[in-house]
1. Contact list please: Cβ distance under 7 Å, first residue in segment 18-45 and under 18 Å from L74 (Cα atoms), second residue of a type outside the set (V, I, T) and not in a helix (DSSP H, G or I), pairs at least six apart or on different chains.
2. Given the conditions (1) in a helix (DSSP H, G or I); (2) touching a Leu at 6+ places or on another chain (Cβ under 6 Å), which single one is not true for G49?
3. Taking the stated definitions as given, is F60 assigned to a helix (DSSP H, G or I) and either touching a residue at least 12 places away in the same chain (Cβ under 8 Å) or exposed (fewer than 10 other Cβ atoms within 10 Å of the Cβ) (or both)?
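The values are calculated or read from the model by the stated rules, or taken from the named source; none is laboratory data. This is a predicted model, so every value here is computed, not measured. Ideal geometry is used to build each Cβ from the backbone, glycine not excepted, and the neighbour counts take in all protein chains shown.
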Amino acid sequence: MMTKDLPGVKEGLAHTLGRSLIFAGGGLIVLGLIFLLAGKIPYLGSLPGDIRIRRGNFSFFFPLTSSLIISALLSLLFFFFKRR
C-alpha cells in the first residue's frame, strides 16, 4: 500500500514517522544490550563513592560514582558523534 493511497497522510509525514520508529527500535535494542552486558562489567556498582546502606531488613543502594562515570562516557560518545 502506497502512502498516496491513504487519505490525509502526506508522504513526508509517513517517511518521517517510519524513520523515527526505526531509530526508536534501534535505540531499544541498544538499551537491551546494555542491560544484558551491564552485569559483566567489572567494578560497576562497587566503586568508591557508590552509596550502600544495610540496616536490618532495609537496604539502600545508590551508584553515585558509577552513574557519574557512565554519564561522562555517554557525553563523550554523543559529543564525538555530533561532530561528524
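1. A38/L44; G45/P63
2. It is condition (1) that G49 fails.
3. Working: assigned to a helix (DSSP H, G or I): no; either touching a residue at least 12 places away in the same chain (Cβ under 8 Å) or exposed (fewer than 10 other Cβ atoms within 10 Å of the Cβ) (or both): yes.
Criteria not met by F60.
Results for (1) modelled with pLDDT under 90; (2) part of a loop (DSSP other than H, G, I, E, B), shown as yes or no for each residue.
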residue	(1), (2)
L33	yes, no
L37	yes, no
P42	yes, yes
G45	yes, yes
I53	no, no
I70	yes, no
S75	no, no
F78	yes, no
F81	yes, no
